[in-house]
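Derivation of every value follows stated rules applied to the coordinates shown; laboratory data play no part. Everything numeric in this text was worked out from a predicted model, so none of it was measured. Glycine gets a Cβ as well: all are built from the backbone with ideal geometry, and neighbour counts include every protein chain shown.
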Amino acid sequence: MESGLIAVIIFGIVLLILIPFIYYGLRMAGYNKAAMIVSLAIFFIVMIPMVKYSYRSQMYSNDDLKTDLHRAGIGFKGNLKIVSTDISGIKNMKQETVLIMDSVDVNTIINRIETDSRFKISPEMLSLKEELGSNAKHKTNRNYRFKDNFILETYGMSDDYTIRYSELKFRKGNDTVFFKKEEVY
């Protein structure tokens, strides 16, 4: 978890602890309606973002996953099932999802990766994100194999301000797919 996010959470918790004191302080000063309005405003201003960011892993749906996979350049026909999702960060959002895809779709994607003219076998894990850095003006794709994993990477700017990186790992004969996505705003 990012240190900035931890600081925001701690600040939010401190504010939530101080709300009763703010309420009773204003009420004792004779501002009954103001005490209620200020306390509720602080409560909702702090709580809504905290709840939103703490539950976004559970709110990630199959439709969101299909959109992300289509952005990464993956076409599929079968159904998807999300096994687990972990999302963290606000400005630098990182997501790791394990999903189950139809084995026919997995084999089709692996065959497409192998027949691509840019396909290569690598002795080590590669990363477009590290190689290109902040020079990601256009969407760049790379397909390669590392050991048993067939990896498809996509890196580029989705708009003028957002850099998007995605990585999909497939294995022959295995319907479990590992999907990693990072967005830097």
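Points worth noting:
- Across region 3-54, Cα-Cα pairs more than 13 Å apart make up 59 percent of the total.
- The angle between the Cα long axis of helix 62-71 and the longest principal axis of the Cα atoms of the chain comes to about 50 degrees, rounded to the nearest 10.
- Exposure proxy order (Cβ contacts within 10 Å, fewest to most) of ASP159, ASP105: ASP159, ASP105
- Region 62-184 - percent relative contact order, Cα under 8 Å, separation 6 or more: 26
- Set LYS66/LYS137; LYS94/LYS172; LYS81/LYS129; LYS81/LYS120; LYS52/LYS147; LYS81/LYS139 screened for pairs whose C-alpha atoms are more than 32 Å apart: LYS52/LYS147
- GluC sites (Glu not before Pro) lying in DSSP loop within region 31-128, provided at most 11 other Cβ fall within 10 Å: GLU124
- For region 133-185, alpha-carbon Rg relative to the globular expectation (2.2 N^0.38 Å, N residues): 1.28
- Geometric extent, Cα atoms of region 89-185 - Rg, Dmax (angstrom): 13.9, 40
- Residue exposure proxy: SER103, SER166, ordered by other Cβ atoms within 10 angstrom of their Cβ from fewest to most, comes out as SER103, SER166.
- Per DSSP, loop chymotrypsin sites (Phe, Trp or Tyr not before Pro) in region 49-133 with at most 12 further Cβ within 10 Å: TYR55
- Dimensionless Rg/Rh of the chain - Kirkwood Rh, Rg from C-alpha atoms: 1.16
- The chain: angle of helix 32-54 to the longest principal axis, Cα-based, in degrees nearest 10: 10
- Residue with peak Gaussian network fluctuation, the chain [Cα springs, cutoff 10 Å], from ARG145, ARG71, ARG164: ARG71
- Comparing ILE151, ILE22, ILE87 in a Gaussian network model of the chain, where Cα atoms under 10 Å apart are tied by springs, the biggest mean-square fluctuation is seen for ILE22.
- Range of Cα positions in region 105-156 per principal axis (Å), largest first: 33, 22, 18
- The ranking of LEU40, LEU15, LEU69 by Cβ neighbour count inside 10 Å, starting from the fewest, reads LEU40, LEU15, LEU69.
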